[in-house]
Amino acid sequence: MKSFKNLICTLCCLSAAAAAAADAYTFPVPERQPGQKSVMGLRVAPIKNVRVAFIGTGVRGGSALKRFAAFPDNATVKAACDLYQSKLDEIQKYLDRKKYPYKVDYYTGPEDWKKVCERDDIDLIYVATPPDLHVPVSVYAMKHGKHVALEVPAARTVADCWKLVDTAEQTQRHCMMLENCNYGDYELAVMNMVEQGMFGEPVHAEAGYLHNMESYRLNMSAKDNWRRLRKPAKNPIVSANGYPTHGLGPIAHWMGINRGDRLTSLYSVSGGDFTLKEAVKEVLGKDTEYAKGHYEPDMNTSIIRTAQNKTILLFYSTSLRRPYSRAYVLNGTKGFTEGYPQRFAFAPDFENDMNAKDIEKLLAKYRHPVYAHFEKAARIFGGHGGMDTVMDLRLLYCLNNGLPLDISVYDGATWSSVAEVSLKSVRLNGAPVEVPDFTRGEWKTAKYKPYQMLKPGKDVIELKAKGLDRSPESYIAPVGDTIVRMSDPRGDGSIGAPVDFVGGTLVIRNGNLDLCYTASAPIDRSKLSYHVKALIAVGSEGGYDNEGTQYLVESGTLYRFAGTKPFQWKWEKITRVPVRIQQQFCEMSVPLQLICPEPDRISVRFRCQADYMPDENRAAPVLTPGNIARAPQTKVTTSPSREKYSSKALNDGQISPEIFWADAAWASQETPDDKFITFQFGKPEQLKRIILYWEKPSQELLVQYPEGSGWKTMATVAPESSELVSKVQLGADLPKTDRIRFLQKNGKGIAGRPNLLWVREIEIY
């Protein structure tokens, strides 16, 4: 964050002057009412089996419900509430498949969440609604005797933060904000190092939420895209840090906030709305109504002082064109770390970064006991790299054993309040605003440390998955009982077109995937070129990404193309695969071992392509007859490629859109200039048609052939944003050519990213 050095110095000077003037804006602090008492380090009686209800069962709530359901001896899912019956139906189907032992009651009315909270057979309400409902549901639940776990942010206003604090104190119920970033492997490892004195005394920290949302906002064709751009404001927008907790949560715990220190004053400034406005003009047009208004500023920067005269720097942007980051920095008297990428330095060698191998060893050595305890489950259940799982299971562990929760209601209120506090400061032109002390002074004497684990013993309740154990060892193939078959419908010994096999009924015998190809004519081994591509796409019901592992079997040789996480496909080294050929039948067995958490939810798609070529004069096999893009003599050149993307992907036959991007597509660098793809053939060819398989379609792509000293356009491809395939029929009057070029003019790239050309495959006939 060196680029912010001058800004930091300026704001620090402002901070000192403002503090001296003692004129910081102050939010009113309500007094504790009679009978109301602190919940700092709150302990309640152990709940050996936590009866839980979920309010909101979308991506976050639905995934959490499934995690809780995997531990029926530790938790019982009693009820689920959502406005959409379809979501509840999917949950019940999932539980039925898993033979869940308990009955779950479902509610769909707009205020049915109140009925759920009023039940006397529920211990915990898990709130995963839109943010506006977080406080009403949580307050109502606590007043009806329930503990609460609520998604981020806990509240949008300081007044609502006080409602959560006061209600928790009045009812003596837990109220935990579900800040998953506190439970990442790196974040917890740094916490462990802090507790062991590796950094000395932490004195300065930085963090943020830097997430470019341009591609989401400008995807206007997706009707269900809730991030889609709305109509702009007529006047400039005054906004601040609207989403502070992902960055602030971990560093607040590193620095002991609310436990020996507290946030006191905040100084905040916001810039102008440059980037998104320009992107709107580029993508949607400068004359549209969207280009004539105002949007959220590009960047908000806030400086916070603590009671111990330490400093915190926060960033927030969803518009700037940059990689995602939470921008972690922690500086202590003896050590330094930075995230994205991870850096460490310790006394006495502050000037030099640790190398990557040493960092890997360091993180392994200081892996936090909490993360280590739930690491296996994190790999299985996933959720933002596993942190969602660690968070949920840690919550369950604490309730089972009567431990205080790691994130108290004071933490959730403090971190969430930064949204309104920073907005107030922005409106006051960066003047100081006091951060309310939600602990009412108890930060000075608070002794409880979060993330404490109990020593194993007979009185300790451990989490055990029973009946729904999704450990990898439990789900090694076989899956189903059907051999994948391809056929020869045209009767010429060649499939000629891909054949999709979709379903969960493939056969894997002893780690081998059996594949068959049936031809209508007798098969001659000497004339056989056999190509098989296997795409594995896992359904998203469990909250996992759709990624796949590809194999190419060519003349009996197995090539492995890609791997995925958290789903693992084990394979042997590149090896010869025996191809058993009978008269009109070809069969092979590909060495493969499936490890997957949910085998009954696997949607396995095999895009199988095979060529049998009776023509002995054919120079080399091609994936589809007549596709000269794949001929051995054809050479492909491109403009500079994006890192990890290769031009080899443009004619490798990998055309399925579900295969992971970098394994099957080519992408250009995102520089403001023309982008091109050129195919050089072995000899002049009479071109008839072209098929483009897009990763994301350009707004305009020119198809050209050489003429004189330049290029002449033979076709223009301007697909709709929803298209993944474009077919171009060429005129019969075109001359033979030994070259063809695809040209994307500057700024004519995909919606939201106008300087990117991103193509999966090109076939030329």
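Rule-based calculations on the coordinates, nothing more; no lab input. The structure presented is a predicted model; accordingly, all values stated were derived computationally and were not measured. Methodologically, a virtual Cβ is constructed for each residue, glycine included, from the backbone with ideal geometry; neighbour enumeration extends over all protein chains shown.
Figures for the structure shown
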item	result
Of all DSSP beta bridges in region 626-765, antiparallel share, percent nearest 5	100 percent
Antiparallel DSSP beta bridges within region 176-320, percent to nearest 5	65 percent
Rounded FRET efficiency, nearest 0.05, which uses the C-beta distance separating Lys648 from Ala372 and R0 of 60 Å	0.90
Extension gain from Ser215 to Asp112, taking 0.36 nm per residue of separation minus the Cα-Cα distance	33.5 nm
Asp105 versus Glu31: modelled label distance in nm, points set 7 Å from Cα along the beta carbon direction	4.1 nm
Phi-based couplings in Hz for region 89-98 (Karplus 6.51, -1.76, 1.60; Gly and Pro marked x)	4, 5, 4, 5, 4, 4, 5, 5, 4, 7
Added length on full extension, which subtracts the Cα-Cα distance from 0.36 nm per residue, Lys234 to Val725	172.9 nm
Length added when fully stretched, Lys365-Asp459, from 0.36 nm per residue minus Cα-Cα	31.0 nm
